[in-house]
There are 2 protein chains.
Amino acid sequence: MPLDRAACAALDRDDPLAEFRDAFEIADGVIYLDGNSLGALPKATRQRLADVVAREWGGELIRGWNTAGWITLPQRVGAGIASLIGAEADEVIAADSTSVNLFKLATAALALRPGRRVIVTEPGNFPTDFYILQGVRDLLGGRVELRVVQPDRIEQALDADTALLLLTQVHYKTGRIHDMARLTAKAHAAGALALWDLSHSAGAIDVDLNAAGADLAVGCGYKYLNGGPGAPAFLYAARRHQAQLRSPLSGWMGHAAPFAFGDDYAPAPGIERMLCGTPPILGMAALEIGVGIMARADRRAVRAKSMALGDLFIRLVEESCPGQFILHSPRDAQARGSQVSFGHPEGYAIMQALIARGVIGDFRAPDVIRFGFAPLYVRYVDVYDAAAHLKDIMDSGAWQDAVYQTRGAVT
Amino acid sequence: MPLDRAACAALDRDDPLAEFRDAFEIADGVIYLDGNSLGALPKATRQRLADVVAREWGGELIRGWNTAGWITLPQRVGAGIASLIGAEADEVIAADSTSVNLFKLATAALALRPGRRVIVTEPGNFPTDFYILQGVRDLLGGRVELRVVQPDRIEQALDADTALLLLTQVHYKTGRIHDMARLTAKAHAAGALALWDLSHSAGAIDVDLNAAGADLAVGCGYKYLNGGPGAPAFLYAARRHQAQLRSPLSGWMGHAAPFAFGDDYAPAPGIERMLCGTPPILGMAALEIGVGIMARADRRAVRAKSMALGDLFIRLVEESCPGQFILHSPRDAQARGSQVSFGHPEGYAIMQALIARGVIGDFRAPDVIRFGFAPLYVRYVDVYDAAAHLKDIMDSGAWQDAVYQTRGAVT
């Protein structure tokens, strides 16, 4: 592994994904290491959104639902995402937010396991997963018990009362990867279902839901899928469960015949039954562009580069700032998502100083600075330069001047 | 009331809202009478979306949550909508879809009325309202009973078991207006809460939630608020209820401190607690433009023109096509929303023939042709010309050639 900038530039020249960087808008002077929180803007999205607004909405008006294909966007985008996560095209649909989709699937899973009331999950992961489970528990009262256990106790926590295991595959803060296949098999051995949150894994690491035997999944459209701020999320339901799966959010777009305007709810036959309200077309159109770019990239090359970028950053930071940061991410790239997190008591100020220099990562309480490496647009030289900036900030004490101005960022 | 085109043109010249038409893109040759289903494109939205995409997302990247004010868009848009529906700025927030918001508020209302299990509603209205209630009932089992009664039986159906009255203020098909103040008072007299769906009333008729004493409300962003296809919806909760109101969809954006990333859910103090996932910024930005235009219009002028356009259309159709259509909407403009519906056994083909001529309304099974009159961009001459096209289609039998090609349209 090279440690000088010229060697990094050579890696970029040999990068089989190098051409993809040009598909994104990255401003001069910006090193964007927060694609795990909000993916960068694909250049094609500008034109596509202008077209959706002016030609489709402005020109077609209500006819756009048919003539512009709006009505099938959730399925089309879902099919594209399916190709990234080891699912069949008819097992994934784009809809609502990750949080709303978690609610749908967690409640639906409970109904698939009558007589079982326990949901097993872990503490300290991305909060909305746990918040949603608390909402489910509070709504359903005694019918639900949350069993919250540390990662190393998950297997023992699965028992004959367990309806569902809900885990995030890649930890939002540390990047630690759960073994989806093994934990899903353990859940199944206990008679439970497994629901995976892919928010930090879809588009970032190899995900193969069907090979792992996963039952249900949700994920985020605005991180590695580059769908834009607050992009629609997605959900997956294995085909074998779809006929029995009922969404508690039984809105009209999940109806078997939404335009018949009948009084009685009858769920659509397939994954469409998990839709609820009218799909957000502007967001769906943007997400379709992002997913389309990711779908054209070789998945093995994406993962290989992701690991290499993370390894490079860890090595550079540890060599240039020895003893100053605690690595919070797995050192083993195979066990790590496409992000690297370091701990430092002054992490917040250090990240502000980096951002002031155009090196955009983010901070997570209490002390974590987090760097995401989106392989489609982050270069080896970016990693080199980011580490050099970090060293300079630490050596000069520049972080002490950092302005405490941002309220926070959306993961 | 004049019946020749010149007189209609004179009405347009005197129209105090005439200037607003230029704020919208309406293609030459199109008479758009479906703004009750999908509002027209505001010209300013093109530039605003281009700016959100290129400058805010592309340029600011993750920083946009703060620097571009994305994080407060739901509140800002909600405050704008509040000004249209007789609510305080902190009583309304833009979020999710109408269907999802109905689920949140219906379940939250049940919790506010412990010991009561009945939700009273009417059949035959826009289906998603009823579908969502069926989902709530199925999820909560014996804790909920739906009491579905014809409109003239609503008052008698409210009793000591009633937790909630849920009604759509303006009927999606006929345009009939419910008396919100009277029915809310009746609900309160029975000890129940009242939840109003404003999808076909916000921006179309005078809505005064607080004067009516309404407890809760939801509504649609893509009809008269011109927010674009699948725009975010909104919800209202009277200030007196907010501290007790709990959303079952307890996602991270409804948390008191979403960026603290703590494990335990604690709802935000105000209306923000009804947020769930990350807000859809592209849709929110477009909705903000539409709401902003509507907020600049004089509400009394909007309602007066709405009634005049509907009256004119009814008169023209009945005089030019005598005995051919059955008026499904209230004849009294005071009792009618901003739309007029006629019944005809060949309604579907007739509407297709109209659309082929650029007169865009829509069809609702089994026999209803529906015409919406968005007062900001529909002119008196448009109404005149639409009626003339309808007469010509009926006189010539042109509707018999209409192509049966569209699958349906989104209300």
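The values are calculated or read from the model by the stated rules, or taken from the named source; none is laboratory data. These numbers were taken from a predicted model, which means no experiment stands behind them. For neighbour counting, all protein chains shown are included, and Cβ atoms are generated from backbone atoms with ideal geometry for every residue, glycine included.
Summary table
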quantity: Qualifying position, being closer than 30 Å to A:ARG300 by Cβ and more than 10 Å from every other protein chain (Cβ to nearest Cβ), among A:GLU145, A:GLU91; calculated: A:GLU91
quantity: Residue among B:ALA268, B:ALA217, B:ALA211 that alone is surrounded by fewer than 20 Cβ atoms within 10 Å (Cβ to Cβ) and closer than 30 Å to B:LEU376 by Cβ; calculated: B:ALA211
quantity: Qualifying positions in segment A:364-398 - part of a loop (DSSP other than H, G, I, E, B) and within 13 Å of chain B (Cβ to nearest Cβ); calculated: A:ALA365, A:PRO366, A:ASP367, A:ALA374, A:TYR377, A:VAL378
quantity: Residue match in segment A:251-263 (condition: surrounded by fewer than 22 Cβ atoms within 10 Å (Cβ to Cβ) and away from chain B (no Cβ under 14 Å)); calculated: no
quantity: Pairs with Cβ under 7 Å, 6+ apart, first in segment A:309-325 and surrounded by 17 or more Cβ atoms within 10 Å (Cβ to Cβ), second in a helix (DSSP H, G or I) and among the basic types (Lys, Arg); calculated: A:CYS321/A:LYS391
quantity: Residue satisfying all of: in segment A:264-305; of a type in the set (Val, Ile, Thr) and within 8 Å of another protein chain (Cβ to nearest Cβ); nearest to B:ALA286 (Cα to Cα) among these; calculated: A:ILE281
quantity: Residue selected from segment B:127-175 under the condition closer than 24 Å to A:VAL136 by Cα and hydroxyl-bearing (Ser, Thr, Tyr), by the criterion surrounded by the fewest Cβ atoms within 10 Å (Cβ to Cβ); calculated: B:THR162
quantity: Any hit, segment B:176-186, residues being surrounded by 24 or more Cβ atoms within 10 Å (Cβ to Cβ) and in contact (Cβ under 8 Å) with a residue 60 or more places away in the chain; calculated: no
quantity: Residues of segment A:202-241 that turn out to be modelled with pLDDT under 95 and within 18 Å of A:LEU165 (Cα to Cα), as a count; calculated: 0
quantity: Filter result (touching a Gly at 6+ places or on another chain (Cβ under 9 Å) and not in a helix (DSSP H, G or I)) within segment B:123-157; calculated: B:GLN150
quantity: Verdict on A:GLY39 being out of contact with any helix residue (DSSP H, G or I) (no Cβ under 6 Å at 6 or more places or on another chain), outside any strand (DSSP E or B) and within 11 Å of chain B (Cβ to nearest Cβ); calculated: yes
quantity: Condition met for B:ILE62 (among the β-branched types (Val, Ile, Thr), touching a residue at least 12 places away in the same chain (Cβ under 8 Å) and touching a Ser or Thr at 6+ places or on another chain (Cβ under 9 Å)); calculated: no
quantity: Residue in segment A:95-116 that is crowded, with 24+ Cβ neighbours inside 10 Å and acidic (Asp, Glu) present; calculated: yes
quantity: Among residues of segment B:345-364, those that are out of contact with any strand residue (DSSP E or B) (no Cβ under 7 Å at 6 or more places or on another chain) and of a type in the set (D, E, K, R), counted; calculated: 2
quantity: Among (1) surrounded by fewer than 24 Cβ atoms within 10 Å (Cβ to Cβ); (2) out of contact with any strand residue (DSSP E or B) (no Cβ under 8 Å at 6 or more places or on another chain); (3) within 30 Å of A:ASP129 (Cβ to Cβ), the one test that B:PRO248 misses; calculated: (1)
quantity: The one condition in (1) outside the structural domain of B:HIS200 (by TED's automatic domain parsing); (2) in contact with a Lys or Arg (Cβ under 6 Å, 6 or more places away or on another chain); (3) not aromatic (Phe, Trp, Tyr) that B:ARG315 fails to fulfil; calculated: (2)
